[in-house]
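A.B. asks: Please read through the structure below; I'll follow up with questions.
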Amino acid sequence: MPNMLLKASINPYLKARFSTVQIVMLDVVIALLPLVYVAWLAYGMMALQVIGVAVAAAMLADVIFSLIFLGKKDTLLDGSAVVTGLLLAFTLSPATPLYIVVFGSFSAILFGKIVWGGLGKNRFNPALVGREFMSVFFASTMSSSGIWKNNDLINTSSLHLFENSDTVLSNYLEGIFFKTSGALGEYSAICLVLGGVYLMLRNRISWHIPLSLLGALMLMLWLFGNDDVSFSTGGVLLGAIFMATDMPSSPTTKYGKLYYGMMIGITIYIFIIGGCRQEYMSYAILMMNGFSHQISLLFQPRVWGQKIDRKAKLEDVFMLTLKILAVSSAILTLYYYELIHYLVYIFVIYLIFKFNYSFSKQVDNTI
Amino acid sequence: MLLIPSLKSKTKKSEVGQIADPEDFYIPLDGYRNVMTPLVEIGNQVEKYQLLAACDGLFAASIHAPVSGIVKGTFNLNGKQFLHLQNDFRNRETLAAVIAMEEITQEQFAERLFEYGIEGAGGSRFPTGLKFKKNETPIKTIIVNGAECEPYLSADYALMKHHTAELLRAAVLIKKVLGAEQIVFAIEKQNKELEKLLLRSARENEVKINVKILPDSYPQGGELQVIKSVTGKELKKGSIPAQHGILVNNVGTLWSIYNAFFHSRPTIERIVTISGNRCANTGNYKVKIGTPIAHLLRETGNEWNPDEQMIILGGAMMGKAVSSPLLPIHKGSGGLLVMQKLRLESDNCIKCGACVDVCPQKLMPLEFVRFNQSGNTASLKDFNLLDCIECGACAYVCPSDVPLMENIFRGKDKLLKNA
Ligand code: SF4
Ligand code: SF4
């Protein structure tokens, strides 16, 4: 490609050390490892099987589909398939049948990443795309109480970190460290937060999205009451720290990230009170993924030495907010009438069409 | 904000060496947006400091003989004109009369700067005389830009360390000519030890200066960035500092001014840092303008091996890779680097936003790539591509090595052609 040959003759001639896609991905994997450990504590080999199968299938899918659709051989080296596999597994029940897990990983890679043109080009979070495909195509299994009410499968039910004290506080603290309910990635709020802190220290994610997301959600709960709102703390943390911050599908600008996180927080609340029991997190993030590029551009930084027209900006932001709220009510309506799967079908058709007509032609573009 | 680990330690401690004069000088006949016409002919004997070429017009520049010798002719290399001067090693000099500085006016001062061939030593090569043209707003603050943010370079540092008193004298002269209120030396935190030196020297010479310590971030040395750090004013790219009562001069320029006004010597040499991650002998050297790179490499025991190395004129961030060892040092070259070749492939942009975070001009570099590739020049303009200062910070951090600078340069070309 002509783009690349020039590189040797154009400044800068120095590169930041330890700044490659692989190292970025490695950092995410490191941040996620404690969660793998906790999942193993909770459900033993069973948890490891789901995680392992998800990761292996994602890597396999990446190799196969990259070769077929993108004509590229070395995509595995970038490490993003591992991250997708791990994140996907973390949204699943430890009792999910393994063939469904394989299906999920394959759809995550194919429809979440490859047909968009590969690494970095996807507009939606691949792990969540995979998860939605699983919920749509294996609806009954995925929501059956059979796989979610699995107390009998628990390996270690509590850690007893605070010996011989049974106060409310120690129970609460223990709950933060370890709580065996929900999906594989949700068992330890502390490990989730630690992973997030690690990524922030390594400059892989910024605090903007997680904090504004959690802040907005808290604010909604506080403003409009939280009596009949039940959600999983672990799930929300997993989403806020690892899913919503996924680089390709979230905004690139600081203020954009703040707004984006905030709107996810608000839509989560809307979906929860609207009656979504399990999928509120995925819906909110996937929906906002769709707006992320627009948000990046709308919230671009103030150019050095320039003034901005605050009034016009505010109007734009207001209109965008209305649009987002309208789309979230539309999604809620679809959910209510059990029509979400049509959305997924349309998504697939759209992607196939787009891939044939434009995405496949831009595979070699870096942007 | 971008922090680049400093690589100055390689040369910071070194004394300022002198590079032996080469036999052949290739004097650049281009300057800031202009070309100079030779005033000598083939076969002419010239003396050191003699005027060799000049141009007229607004961005006028002139250049003087670095040594005495014989004019061998002109030649063209990479589209640029050079004058070949052969050294006769006899060192015959011609110097103008010493200038009476007591009653010099601002206009005369500016005029002299042109005559002595003084250009911005920070790399821009902007004719310094233009900054001294009369202007409605009086200059209040003179900023001496000692923020050498390029990671390998320490030429300005060496000047400030070894020629403190001379720089102060030049600064005081400028202050007097302009009737300015204050002189501020702007240095980076990593060079903090200079503060004591500068203040002590100022006390001894009974002049009043301020020293402002700037952060080590890149690109702190850019004119707009220095002005912001020192005065708090954020000037848009393209605005003229003088209209805000500010004058910024690089320390290298100040050194030239000192030589011109206190010794009647036109600019014929400058300090160059020779360094880089593949450089055999690093150091700071006084080098005559027109000295071919090949000579410098030879004198410092380096080889020219284009298969493995890149030779860069300037700094690692904003310098230019040279295509021929015959190319010479010019008045804006603060460094000569021998660097390891970089990898050539790019990955896809992962939208990490790092390039947006580090851009000093607060632009969105990744979008420039998108707009340039789709040929959307209107958006390139709307997203302020022309405000880019080409500092390379975005490309430095990009984990995917997206060809950001290539697209920025091409995008700018398109915009300038359309305009
Ligand atoms: S080169 Fe231009 S776009 Fe890139 S960081 Fe510097 S000013 Fe910003
Ligand atoms: S730094 Fe590189 S990978 Fe990151 S957003 Fe910018 S262009 Fe894309």
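The values are calculated or read from the model by the stated rules, or taken from the named source; none is laboratory data. Given the structure is predicted, the values throughout are model-derived calculations rather than measurements. Neighbour counts are summed over all protein chains in view; Cβ atoms, including those assigned to glycine, are modelled from backbone coordinates with ideal geometry.
A.B. asks: Identify all residues within segment B:30-83 that are assigned to a strand (DSSP E or B), over 26 Å from B:Q18 (Cβ atoms) and among the hydroxyl-bearing types (S, T, Y); write none if there are none.
C.D. replies: Matches in segment B:30-83: B:T37, B:T74.
A.B. asks: Also, I was wondering about something else. Among the residues of segment B:308-334, write down those that are free of Cβ contacts under 8 Å to residues at least 60 places away in the same chain and away from chain A (no Cβ under 12 Å).
C.D. replies: B:P325, B:I329 - these are the residues of segment B:308-334 that are free of Cβ contacts under 8 Å to residues at least 60 places away in the same chain and away from chain A (no Cβ under 12 Å).
A.B. asks: Report yes if some residue within segment A:321-329 is buried (at least 19 other Cβ atoms within 10 Å of the Cβ) and closer than 28 Å to A:A89 by Cβ; otherwise report no.
C.D. replies: Yes; the residues of segment A:321-329 include at least one that is buried (at least 19 other Cβ atoms within 10 Å of the Cβ) and closer than 28 Å to A:A89 by Cβ.
A.B. asks: I would also like to ask the following. Out of the residues in segment B:384-393 meeting the condition of being outside any helix (DSSP H, G or I), surrounded by fewer than 22 Cβ atoms within 10 Å (Cβ to Cβ) and facing chain A (nearest Cβ under 8 Å), tell me which one is farthest from ligand 1 (Cβ to nearest atom).
C.D. replies: Among those residues, the one meeting the criterion is B:N384.
A.B. asks: Looking at the structure I just gave you, is B:P292 within 16 Å of ligand 2 (Cβ to nearest atom) and at pLDDT 95 or above? Spell out the reasoning first.
C.D. replies: Numbers: within 16 Å of ligand 2 (Cβ to nearest atom): no; at pLDDT 95 or above: yes.
No.
A.B. asks: Looking only at segment B:394-410, which residues are more than 16 Å from A:W304 (Cα to Cα) and near ligand 1 (Cβ under 9 Å from one of its atoms)?
C.D. replies: Step one: filter segment B:394-410 for residues more than 16 Å from A:W304 (Cα to Cα), giving B:395-410.
If the condition is that a residue be more than 16 Å from A:W304 (Cα to Cα) and near ligand 1 (Cβ under 9 Å from one of its atoms), then B:A395, B:Y396, B:V397, B:L404, B:M405, B:I408 are the ones that fit.
A.B. asks: For B:K362, only one of the following conditions fails: (1) within 13 Å of ligand 1 (Cβ to nearest atom); (2) closer than 21 Å to A:K254 by Cα; (3) surrounded by 19 or more Cβ atoms within 10 Å (Cβ to Cβ). What is its number?
C.D. replies: Of (1) within 13 Å of ligand 1 (Cβ to nearest atom); (2) closer than 21 Å to A:K254 by Cα; (3) surrounded by 19 or more Cβ atoms within 10 Å (Cβ to Cβ), only one is false for B:K362: (3).
A.B. asks: Out of segment B:338-376, which residues are farther than 26 Å from A:V28 by Cβ, free of Cβ contacts under 8 Å to residues at least 12 places away in the same chain and either within 9 Å of ligand 2 (Cβ to nearest atom) or within 8 Å of another protein chain (Cβ to nearest Cβ) (or both)?
C.D. replies: B:L344, B:K362
A.B. asks: Looking only at segment B:333-359, how many residues end up being among the small types (G, A, S) and within 16 Å of ligand 1 (Cβ to nearest atom)?
C.D. replies: Start the filter on segment B:333-359 by keeping residues that are among the small types (G, A, S), which leaves B:333-335, B:346, B:353-354.
In the following step, the residues that additionally are within 16 Å of ligand 1 (Cβ to nearest atom) were identified as B:346, B:353-354.
Of the residues in that region, 3 qualify.
A.B. asks: Kindly evaluate B:G411 against the criterion of being touching a residue at least 40 places away in the same chain (Cβ under 8 Å), more than 16 Å from ligand 2 (Cβ to nearest atom) and within 27 Å of B:E223 (Cα to Cα). Spell out how you get there, then give the answer.
C.D. replies: Working: touching a residue at least 40 places away in the same chain (Cβ under 8 Å): yes; more than 16 Å from ligand 2 (Cβ to nearest atom): no; within 27 Å of B:E223 (Cα to Cα): yes.
Here the answer is no, as B:G411 does not meet what is asked.
A.B. asks: While we're on this one: I need the strands (runs of 3 or more DSSP E) fully contained in segment B:209-318, keeping only those with at least 1 residues that are surrounded by 21 or more Cβ atoms within 10 Å (Cβ to Cβ), of a type in the set (V, I, T) and touching a helix residue (DSSP H, G or I) at 6+ places or on another chain (Cβ under 8 Å). I'd like the intermediate steps shown before the answer.
C.D. replies: On the way: elements: B:210-214, B:246-250, B:269-275, B:283-288, B:309-313.
So the answer is B:246-250, B:269-275, B:283-288, B:309-313.
A.B. asks: Return the only residue of A:V83, A:V53, A:V102, A:V38 being within 14 Å of chain B (Cβ to nearest Cβ), touching a residue at least 40 places away in the same chain (Cβ under 8 Å) and not in a loop (DSSP other than H, G, I, E, B). Show your work before the answer.
C.D. replies: On the way: A:V53 fails: within 14 Å of chain B (Cβ to nearest Cβ); A:V102 fails: within 14 Å of chain B (Cβ to nearest Cβ); A:V38 fails: within 14 Å of chain B (Cβ to nearest Cβ).
None of the others qualify; the one that does is A:V83.
A.B. asks: I've got another one for you. How many residues does segment B:343-382 contain that are in a loop (DSSP other than H, G, I, E, B) and of a type in the set (F, W, Y)? Step through it out loud before you land on a result.
C.D. replies: So in segment B:343-382, the residues in a loop (DSSP other than H, G, I, E, B) come out as B:343-353, B:359-364, B:374-376.
Now restrict to residues that are of a type in the set (F, W, Y): none.
So the answer is 0.
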